[in-house]
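All remarks here apply to the structure that follows.
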Amino acid sequence: MDQGKKMLDKADVVTPIVFKEHDNPSFHVKHFSAGDDLVIQVFPKKSFDVLGGRIAKSLVDTLGERGMSTVTIEVIDDSSVAKHKAVFIKCLGKGTDFYKEYLTHTFLENLTLNLEAKQV
C-alpha cells in the first residue's frame, strides 16, 4: 500500500470526545483529556458575580500559584453556548489519569466552596 493511501485511511478515522460529567446544584462540569492536556468546561446554573475570578481562585486553591502557569481560562459569554456565562479551562500537561482524577475531584470541591461563598 502506498503512503498516500495510508494517510487517507487515517484521515477518515475520527475519535469522538468522551466527556466525564459532574452535576452540582450550582454548576455542571464536563471534562476530557486532549492528548496530554486536561480540558474542563464549567456551566453555572445561575449568574455569578466575578465568575472568572471565582474559577481562577478555585484553580489556585487546587494547583497553587506556580501551577497556574500551565492553565488558560476563557470566559464564554454567548447564549448559544450556555444560558449563563460558561468557562473553558485548559490545563497543559495535566491529562494523565492521576491528574485527571486528583484535579477534577479537588477542583470540584474548591469550585463548590468558591461559587457558594458570599461576596462581600
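Are any residues in the range 61-101 loosely packed, with under 11 Cβ neighbours inside 10 Å, part of a helix (DSSP H, G or I) and modelled with pLDDT under 90, and if so, which ones?
97, 98 - these are the residues of the range 61-101 that are loosely packed, with under 11 Cβ neighbours inside 10 Å, part of a helix (DSSP H, G or I) and modelled with pLDDT under 90.
Restrict the check to the range 75-92 and report whether at least one residue is basic (Lys, Arg) and within 17 Å of residue 39 (Cβ to Cβ). So that I can check it myself, show each step before the final result.
From the range 75-92, those basic (Lys, Arg) are 83, 85, 90; that's our starting set.
Add one more test, that the residue is within 17 Å of residue 39 (Cβ to Cβ), and what stays is 90.
Within the range 75-92, one or more residues are basic (Lys, Arg) and within 17 Å of residue 39 (Cβ to Cβ).
Looking at the range 22-78, which of the residues that are in contact (Cβ under 8 Å) with a residue 24 or more places away in the chain and of a type in the set (Asp, Glu) is farthest from residue 94 (Cα to Cα)?
Filtering the range 22-78 down to residues in contact (Cβ under 8 Å) with a residue 24 or more places away in the chain leaves 22, 24, 26-27, 29, 31, 33-52, 54-55, 57-59, 61-63, 70, 75.
Next cut, of a type in the set (Asp, Glu) only: 36-37, 49, 61.
Details: 36: 6, 37: 5, 49: 28, 61: 16 Å.
Filtering first and then ranking leaves 49.
Go through (1) of a type in the set (A, V, I, L, M, F, W, C); (2) in a helix (DSSP H, G or I); (3) under 25 Å from residue 35 (Cβ atoms); (4) out of contact with any strand residue (DSSP E or B) (no Cβ under 6 Å at 6 or more places or on another chain) for residue 55 and report which single condition fails.
Here residue 55 meets the rest and fails (4).
Return the residues of the range 106-117 that are more than 17 Å from residue 71 (Cα to Cα) and part of a helix (DSSP H, G or I); say none if nothing qualifies.
Across the range 106-117, the qualifying residues are 109, 112, 113, 114, 115, 116.
Please tell me if residue 28 is open to solvent by 30 Å² or more (accessible area, probe 1.4 Å) and part of a strand (DSSP E or B).
Considered against the rule, which asks whether it is open to solvent by 30 Å² or more (accessible area, probe 1.4 Å) and part of a strand (DSSP E or B), residue 28 comes out as yes.
Could you list, in sequence order, all residues of the range 58-74 that are of a type in the set (S, T, N, Q) and more than 13 Å from residue 39 (Cβ to Cβ)? Give the steps one after another, and end with the answer.
First, pick out the residues of the range 58-74 that are of a type in the set (S, T, N, Q): 58, 62, 69-70, 72.
Answer for the range 58-74, where residues must be of a type in the set (S, T, N, Q) and more than 13 Å from residue 39 (Cβ to Cβ): 58, 62, 69.
From the set of residues in the range 1-22 that are at pLDDT 70 or above and out of contact with any strand residue (DSSP E or B) (no Cβ under 8 Å at 6 or more places or on another chain), which is nearest to residue 110 (Cα to Cα)?
Here is the first cut: in the range 1-22, the residues at pLDDT 70 or above are 15-22.
Applying the additional criterion that residues be out of contact with any strand residue (DSSP E or B) (no Cβ under 8 Å at 6 or more places or on another chain) yields 15-16.
Numbers: 15: 32, 16: 29 Å.
Here the residue is 16.
The values are calculated or read from the model by the stated rules, or taken from the named source; none is laboratory data. Please read all numbers here as calculations on a predicted model, not as lab measurements. Here the Cβ is made from the backbone with ideal geometry for all residues, glycine too, and neighbour counts use every protein chain on show. Just the protein is used for accessible areas: all its heavy atoms, side chains included, with ligands, DNA and RNA removed. Shrake-Rupley method; radii C 1.70, N 1.55, O 1.52, S 1.80 Å.
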